[in-house]
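The values are calculated or read from the model by the stated rules, or taken from the named source; none is laboratory data. What you are looking at is a predicted structure, and each value in this text was computed from that prediction instead of being measured. Positions of Cβ are backbone-derived with ideal geometry, glycine not excepted, and every protein chain shown enters the neighbour counts.
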Amino acid sequence: MPVPRVRRWKPLALTAAAVLVGITVPTAATATASPAPAAAPAAVGAYDDTYYQDALGKTGPELKSALHTIISDQTKLSYSQVWDALKATDQDPANSSNVILLYSGTSRSKSANGGDQGDWNREHVWAKSHGDFGTSTGPGTDIHHLRPEDVKVNSIRGNKDFDNGGGAVDGAPGNLTDGDSFEPRDAVKGDVARMILYMAVRYDGESGFPDLEPNDKVDNGSAPAIGRLSVLKQWSDEDPPDAFEKNRNQVIFDKYQHNRNPFIDHPEWVSAIW
């Protein structure tokens, strides 16, 4: 793979993009996301004394185990319910009729979901073939790692691991890909990393689900593993959670699964575990 490049932090415009649940700013649909400034979600500190109280002060395997127990208490969705959930979790803050696509960053009508060219569909950030968990209720329907994406771009990403480098992705400026890996645009690198690490903590071999683990290689095939861990950690450091990502976590907690991605609330727990 090419030598990793110096990464950029998220633009401030995107950091100010999210809105509180239930508040929208109607505007005309746009080809690319142009979120309007709005109030940020409530501070997460309130959850430390309640939701995360059994994880505080821990590190390493002890922290991972505590977080697994905490976030495993959730409501599970069917795959068909994921459509409507994504229309809420990934709503364009500047246009309540649209969703923001993960890799391309464009704003597209909520009604344009499906499987045809020009539609958006349900991207499994942890590729479902990595562990072969499919779309039955469980990891295949966990919206903490399911995101709207253009059908063509989703197909280009396929089940590739994540790493730096490659050629440009048609229809998704700023993304790169080669034969065995995919590099998302700078503005969502940390988002991708934190979704992958959430999955590794949430699914550890219980209840008939695979034991998902990140590793430091690519081309993992059907193994319940995805990489490259060292790059994902770098992305999480360089691209901290912004208001859109924090708001998404809150919507999932309040309205759908009632569990949280701890690495959005506490990014420092990435290095505390890995």
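Which ones in region 235-249 are buried (at least 19 other Cβ atoms within 10 Å of the Cβ) and more than 13 Å from the chain's Cα centre (by Cα)? Selection gives Ala243 alone. Contact map, region 199-217: residues that are among the hydroxyl-bearing types (Ser, Thr, Tyr) paired with residues that are in a strand (DSSP E or B) and crowded, with 18+ Cβ neighbours inside 10 Å, Cβ distance under 8 Å, separation 6+ or inter-chain. No pairs are found.
Restricting attention to region 99-139 and to residues that are touching a helix residue (DSSP H, G or I) at 6+ places or on another chain (Cβ under 8 Å) and among the hydroxyl-bearing types (Ser, Thr, Tyr), the residue that is surrounded by the most Cβ atoms within 10 Å (Cβ to Cβ) turns out to be Tyr103. Scanning region 172-215 for residues that are among the acidic types (Asp, Glu) and either under 12 Å from Ile226 (Cα atoms) or surrounded by fewer than 24 Cβ atoms within 10 Å (Cβ to Cβ) (or both), we see that the one that is modelled with the lowest pLDDT is Glu206.
Scanning region 119-176 for residues that are closer than 17 Å to Val192 by Cα, outside any strand (DSSP E or B) and acidic (Asp, Glu) yields Asp142, Asp163. Does Trp274 meet the test of being surrounded by fewer than 20 Cβ atoms within 10 Å (Cβ to Cβ), more than 16 Å from His124 (Cα to Cα), in contact with a strand residue (DSSP E or B) (Cβ under 9 Å, 6 or more places away or on another chain) and aromatic (Phe, Trp, Tyr)? Yes; evaluated as a whole, the condition is true for this residue.
If you go through region 83-118 and pick out every residue that is of a type outside the set (Gly, Ala, Ser) and either part of a strand (DSSP E or B) or over 19 Å from Val188 (Cβ atoms) (or both), you end up with 14.
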